[in-house]
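Participant: Mind looking over this structure? Questions follow.
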Amino acid sequence: MERVVVQIDADATLPFWRGAQVFRFASVAYAIGAQIVSVNAEAPANSGIQAYSHPLISWFLIALLVVWSGVSGLVYAFELLPRPPMVITELVITVLLIASTMWVVRPEYYHHHQSLPSTFWVTNAVVSVALLRGPIAGGVTGVGLSLLSLGVEEQFHNVVTDATTPILLTVGVTLGIGARIVTRAQQELSAAVRMQAATKERERLAREVHDGALQVLALMRRRGADLGGDAAELGRLAGEQERALRSLISEQAAVPVPGIDETTELRGRLQAVLPADAAFSGPAEAVHLPDATVTELVAVVSTILDNVARHAGDGARAFVLLEDLGDEVVLTVRDDGVGIPDGRLSQAEAEGRMGVSKSIRGRMADLGGEALLETGPDIGTEWELHVPRAKEAG
C-alpha cells in the first residue's frame, strides 16, 4: 500500500510567536535603559527636583516588567500554557503600567515624556493580540493603548502628529494579516494532504476490486449467459452485484474532503465504472475537476462503453486514455470493434435515438468542450473528449 506521510506543524503561527519574543527582550532592554535615564532626571531640568516622585516603586514596576517579559516570552515561544489567558494578563499588566505613570512620576515630567513602560515595550501587547485574534483585534488594541498613553501624558492634542498611534495600528494590522495568511495556508495544505491520501487509498481499493471481484463477477455473468438454464440466473445475479459494486466504488471516489473546494479526482471515478476487460491508461498524478464536470464526463464515457458493448461486436475491447494537458483534459475512448457504418448516426437521430447527439455531444457542449468522433467499417470507433480547464474553472 502506498502511503502519504507529510509532517505539518500544529501551529502555523509559532514562528511568528517566537520571532516576537526576540523583539520582547529587546524592548525590555530599552525599557530598563529608559528607566535609568528617567529616574535620574530632574523636572524641570536643573531644578534639583527628581522627575520621579516614587523612584523605588518605579524600580519595582520595572522589575515586574522584566519578570513578566521573561515568563511570557518562554510561554509564548514554547507553548507552555494556553495563549488566550496569557494575552489577557499581558493586556492588563500593560494598562496598569501605563496608568502607574501618574503615580510614580511627577506631572511636570510625564506630560512631556512617554509613559512608564515605554511605547517600545507596550508594542508587545499589540503583537500578542494580533497574532492571537487577527488584524482587527490587533489594530484596535494598538489604537487603544496609544490613546491611553496619550491620555496619561495629556497629549491628546498631538494625536495627529504623534507617531505612536500609526505605528501601533500598523503593527497590529500587519502582523494580524500575516498570522491569518499562514494559518489559512496551513489549513489548505493539511486538507490537500488528506485529500491526496484519501484519493490514493480509493484508487488502491478500486484497482484491487477491479482486478479481483469485478473480473470474477463479469466472467460469471458472461459464462452464465452462455450456459443458460440455472447458470443464466446465477449470471444475472452476478451482473447485478457487479453493477452494485461499481456504483459503490464510484460513490466512494466522489466523497468530498472537508477544507477543499468541491472537486473530484477523475481517474478514480473512471476506473470504477470501466468494464473488467477494458484497458485504462492515465497520468501518475491525480486529475482534479469540479464534481459536476467529473459526473458528466463519467456519464459520457459510460454511454460510449455501453455502445461498445451493444454494437462493437463479439470480442470487442475498449481502451480508455486520460490526459491532463494543463489547459485542458482529454479523454480518448477507443474500441477495436466493427465501427459505425456511414450514415448510421444520422439515421439513428432521425429515428429518435439521441444517444450520440445528446448523451455525448450535448453533454460535452454543456461543459464548454467538444467530442470528436473517428470511425468507419472494420476500423473501430474512437471518441476524443476535450474539456478546457479555463471554461470549466470560470
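Participant: Before we move on, is PRO107 open to solvent by 30 Å² or more (accessible area, probe 1.4 Å) and over 22 Å from VAL22 (Cβ atoms)? Talk me through it step by step, then tell me what you get.
Facilitator: On the way: open to solvent by 30 Å² or more (accessible area, probe 1.4 Å): yes; over 22 Å from VAL22 (Cβ atoms): yes.
So PRO107 fits the description; yes.
Participant: Among the residues of region 35-49, are any in a strand (DSSP E or B), aliphatic (A, V, I, L, M) and open to solvent by less than 20 Å² (accessible area, probe 1.4 Å)?
Facilitator: Of region 35-49, the ones in a strand (DSSP E or B) are 42.
Right, trim to aliphatic (A, V, I, L, M) and you get none.
Within region 35-49, not a single residue is in a strand (DSSP E or B), aliphatic (A, V, I, L, M) and open to solvent by less than 20 Å² (accessible area, probe 1.4 Å).
Participant: Can you go through LEU150, LEU175, LEU189 and tell me which one is open to solvent by 30 Å² or more (accessible area, probe 1.4 Å) and modelled with pLDDT under 90? Break it down into steps so the answer makes sense when it comes.
Facilitator: Working: LEU150 fails: open to solvent by 30 Å² or more (accessible area, probe 1.4 Å); LEU175 fails: modelled with pLDDT under 90.
On inspection, the qualifying residue turns out to be LEU189.
Participant: Out of region 289-333, which residues are in a strand (DSSP E or B) and of a type in the set (A, V, I, L, M)?
Facilitator: Our first condition is that a residue be in a strand (DSSP E or B); within region 289-333, this holds for 289-290, 318-324, 328-333.
Result: LEU289, ALA318, VAL320, LEU321, LEU322, VAL329, VAL330, LEU331, VAL333.
Participant: If the Cβ limit is 8 Å and pairs must be 6+ apart or interchain, which residue in region 271-291 that is free of Cβ contacts under 8 Å to residues at least 40 places away in the same chain pairs with which residue that is open to solvent by 40 Å² or more (accessible area, probe 1.4 Å) and of a type outside the set (S, T, N, Q)?
Facilitator: Here the result reads GLU285/ASP324; ASP291/PRO256; ASP291/GLU262, each pair linking region 271-291 to a residue that is open to solvent by 40 Å² or more (accessible area, probe 1.4 Å) and of a type outside the set (S, T, N, Q).
Participant: Quick one: SER118 ticks every box in (1) on the phi > 0 side of the Ramachandran plot; (2) surrounded by fewer than 22 Cβ atoms within 10 Å (Cβ to Cβ) except a single one, so which number is it?
Facilitator: SER118 satisfies every listed condition except (2).
Participant: Can you confirm whether region 221-236 contains a residue that is within 26 Å of HIS386 (Cβ to Cβ), open to solvent by 20 Å² or more (accessible area, probe 1.4 Å) and either modelled with pLDDT under 70 or not in a helix (DSSP H, G or I) (or both)?
Facilitator: no
Participant: Within the set of pairs 6+ apart or on separate chains, which have a first residue in region 172-189 that is over 16 Å from ALA125 (Cα atoms), a second that is in a helix (DSSP H, G or I) and open to solvent by 40 Å² or more (accessible area, probe 1.4 Å), and C-beta atoms under 9 Å apart?
Facilitator: So the pair list comes out as GLY178/PHE16; VAL182/PRO15; VAL182/PHE16.
Participant: Something else now. Output yes when any residue across region 7-20 is surrounded by fewer than 14 Cβ atoms within 10 Å (Cβ to Cβ), of a type outside the set (Gly, Ala, Ser) and closer than 22 Å to PRO107 by Cα, and no when none is.
Facilitator: No, region 7-20 contains no residue that is surrounded by fewer than 14 Cβ atoms within 10 Å (Cβ to Cβ), of a type outside the set (Gly, Ala, Ser) and closer than 22 Å to PRO107 by Cα.
Participant: Which condition from (1) under 21 Å from GLN196 (Cα atoms); (2) open to solvent by 60 Å² or more (accessible area, probe 1.4 Å); (3) at pLDDT below 90 is the one that HIS311 breaks?
Facilitator: Checking HIS311 against (1) under 21 Å from GLN196 (Cα atoms); (2) open to solvent by 60 Å² or more (accessible area, probe 1.4 Å); (3) at pLDDT below 90, the one that fails is (1).
Participant: Which one is farthest from ARG361 (Cα to Cα) among residues in region 246-301 that are β-branched (Val, Ile, Thr) and at pLDDT 80 or above?
Facilitator: VAL287
The values are calculated or read from the model by the stated rules, or taken from the named source; none is laboratory data. All figures in this text were calculated on a predicted structure; none of them were measured in a lab. With ideal geometry, Cβ positions are generated from the backbone for all residues, glycine too; neighbour counts draw on all protein chains shown. Just the protein is used for accessible areas: all its heavy atoms, side chains included, with ligands, DNA and RNA removed. Shrake-Rupley method; radii C 1.70, N 1.55, O 1.52, S 1.80 Å.
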